[in-house]
């Protein structure tokens with residue numbers, strides 16, 4: 001079943017989006033990184049000792065949206081995640097970067113976000 005997320009198109013801000021509201025500062029978060037392109041904050045329901053969400057400031061519904069195919073944006077997300085991983089002391093032990101794409105993969109907030117997970121041994125396969 002197709003779900004209309006109404007934000008599959010590129011917007012600067014979607015007032016109904018949880019992550020847009022966190023980026024705008026109207027909802028609290030524990031922010032760990034910010035630059036002109038991305039913001040990162042701790043997940044409120046962590047799946048690992050370190051669980052951080054890295055999101056673009058601009059609203060994009062997910063990695064499968066056409067607007068996500070922006071090399072500079074993807075570079076900024078990955079650069080931020082790697083920088084945070086070093087700051088969190090995960091660089092030597094290892095960490096996982098995850099994109100969930102769609103409801104069957106566990107995507108529950110339809111704003112592009114990259115999960116940074118670490119701080120314990122992460123098994124394979126996930127899920």
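What follows draws every value from the coordinates through simple rules; no lab data is involved. The shown structure was predicted, so the numbers you read here are calculated from the model rather than taken from an experiment. No Cβ is skipped: glycine too gets one built from the backbone with ideal geometry, and neighbour counts run over all protein chains shown.
Using Cβ contacts closer than 10 Å as the measure, can you line up 99, 124 from fewest to most?
Listed from fewest to most nearby Cβ atoms, that is 124, 99.
I need the fraction of alpha carbon pairs in region 18-118 separated by more than 17 Å, rounded to a whole percent.
Numbers: 2403 of 5050 pairs.
Taking all Cα-Cα pairs of region 18-118, the fraction more than 17 Å apart is 48 percent.
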The chain - percent relative contact order, Cα under 8 Å, separation 6 or more: 29
Ellipticity estimate at 222 nm from DSSP helix runs (n ≥ 4, -39,500 (n - 2.57)) divided over the chain, nearest 500: -6000 deg cm²/dmol
Cα-based helix-to-principal-axis angle, 71-87 vs the chain, degrees rounded to 10: 30
